[in-house]
Structure formats: C-alpha cells, structure tokens
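Below is one structure, written out as structure tokens, with a few remarks after it.
Bear in mind these aren't lab numbers, they're just calculated from the coordinates by the rules spelled out. Note that the coordinates shown come from a computational prediction; the quantities given were computed from them, not determined experimentally. As a convention, Cβ positions derive from the backbone with ideal geometry for all residues, glycine included, and neighbour counts pool all protein chains shown.
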Amino acid sequence: MQVSVRDNNVDQALRALKKKLQREGVFREMKLRTAYEKPSEKKAREKAEAIRRARKLARKKAQREGML
C-alpha cells in the first residue's frame, strides 16, 4: 500500500493512509486477531456478516428500482 506525500503535508497523507486501511478492513482484522476466536464463534460471525451484506445489497437494489 502506498500513499504519496505532497508539499510536505504528512497529516493529509496519514489521513489518506488511514482511510485506505479502513476500506481494506485492516483495522477490523487486527481487532479480530488480538484474541483467539472459537471456530463456532467465527462461523456465527461470518454468517451474520453475510446476512448483513445480503440485506444491504437487497436494500440498494430495491432503492435503485424505485421500491423505496
């Protein structure tokens, strides 16, 4: 991952880096890896995330089609 610093503006580059890391899910991954997660908990979490993604996609699709 690479962020360029323009006009010695390190704060702006740092903000851009944090935004990129957030979008990639690095912070979420770090938080998950701090402690051991039981396989059953991992399975339940991943299932819940999949349901959340599916609902979000259906909501966006309905909004595009003019349902909402």
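List of remarks:
- Counting only whole DSSP H helices of the chain, there are none at least 18 Å long by C-alpha along their axis and with mean Kyte-Doolittle hydropathy no lower than 1.6.
- What the pair-distance distribution of the chain shows, using all Cα-Cα distances binned every 5 Å from zero, is 3, 14, 12, 14, 13, 12, 14, 11, 6, 1 percent.
- Of the trypsin sites (Lys or Arg not before Pro) found in the chain, those that fall in a DSSP loop while having at most 16 other beta-carbon atoms within 10 Å are Arg6.
- DSSP-assigned coil residues among GluC sites (Glu not before Pro) in the chain, each with at most 14 further Cβ atoms within 10 Å: Glu37, Glu65
- Local electrostatic count at Lys38 - Lys and Arg +1, Asp and Glu -1, tallied over other residues with Cβ under 13 Å: 0
- Options Met30, Val3, Ala62, ranked by Cα towards positive dipole end of the chain, top entry (Cβ charges): Ala62
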